[in-house]
Amino acid sequence: MTNDTVFSNDERQIWGISMLVIAIIGLLLYCIACFLNLAVKEFRNAFGYLCLSDGICGIAIMVQFIGYTCPVTMLMYPQPPSYLWIIAITNFNMTYLYYVSMYAHSFASINRFLAICKPLLYRKIDSTRFVSGLLICTWVIPFIQTSPYFFGDCSFYFDNTLLQWTFTDNPCGQNFSFYIDFLYNCILMLFIFAIDCYTLFVLRKTLYRGKLNNIIR
């Protein structure tokens with residue numbers, strides 16, 4: 001598919017309905033996850049609050065897909081200049097909430113790693129101040145990182161003719177597209193994947209040793 005792809009009306013309806021169904025399912029699942037985070041006492045810790053932050057972001061993103069991206073896709077709404085500020089805020093919210101979710105995942109992985117691999121250290125730092133610091137970083141760092149999308153010339157938008165999120169066609173937009181949106185995100189995802197794999201390895205190794213000790217006894 002090239003950037004010049006033109007979709008027929010039937011194709012637009014299929015894509016729009018598919019996104020709408022996925023967004024509604026995602027919204028329901030995120031609501032259930034947030035409810036469980038609030039209802040279960042075991043989640044009232046750093047890990048639970050990070051998961052709750054991720055769930056809140058997921059709900060907000062799904063609502064924006066249902067209320068903005070899906071209708072724009074199916075109905076081909078025009079984007080007149082008088083509504084550009086609304087579109088800019090919506091696009092900023094999408095990328096901001098996405099990065100909040102990514103940092104929540106990252107800090108949750110680090111929190112899980114410390115709790116399993118460094119339990120003594122985790123007990124020392126696990127406090128109200130530690131949890132508050134994680135949550136503040138989770139919400140503040142993404143705002144600083146994504147502010148150029150809203151205040152500068154590096155914005156991006158949902159192109160309702162090509163049906164894709166597009167960065168502005170200038171050096172700033174293209175640099176952000178490659179170095180931040182692509183390269184940085186790949187590094188962040190690889191970091192989360194690597195630390196989760198190592199934590200799982202240590203956990204399985206610990207469980208295996210426990211079973212082995214029980215057999216020897």
Being under 23 Å from Phe113 (Cα atoms) and assigned to a helix (DSSP H, G or I) is the requirement here; does Cys34 meet it?
yes
Name the single residue that is surrounded by the most Cβ atoms within 10 Å (Cβ to Cβ) among those in region 112-166 being aliphatic (A, V, I, L, M) and touching a residue at least 40 places away in the same chain (Cβ under 8 Å).
Leu134
Of the numbered conditions (1) hydrophobic (A, V, I, L, M, F, W, C); (2) at pLDDT below 75; (3) surrounded by 11 or more Cβ atoms within 10 Å (Cβ to Cβ), Ala194 satisfies every one except a single condition; which is it?
(2)
Of (1) touching a Leu at 6+ places or on another chain (Cβ under 8 Å); (2) surrounded by fewer than 13 Cβ atoms within 10 Å (Cβ to Cβ), Phe35 fails just (1)
Selection status of Thr5, farther than 25 Å from Thr146 by Cα and at pLDDT below 90
yes
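The values are calculated or read from the model by the stated rules, or taken from the named source; none is laboratory data. Keep in mind that what you see is a predicted model, and the values were worked out from it rather than measured. Cβ coordinates were reconstructed from backbone atoms using ideal geometry, including for glycine residues, and neighbour counts include every protein chain displayed.
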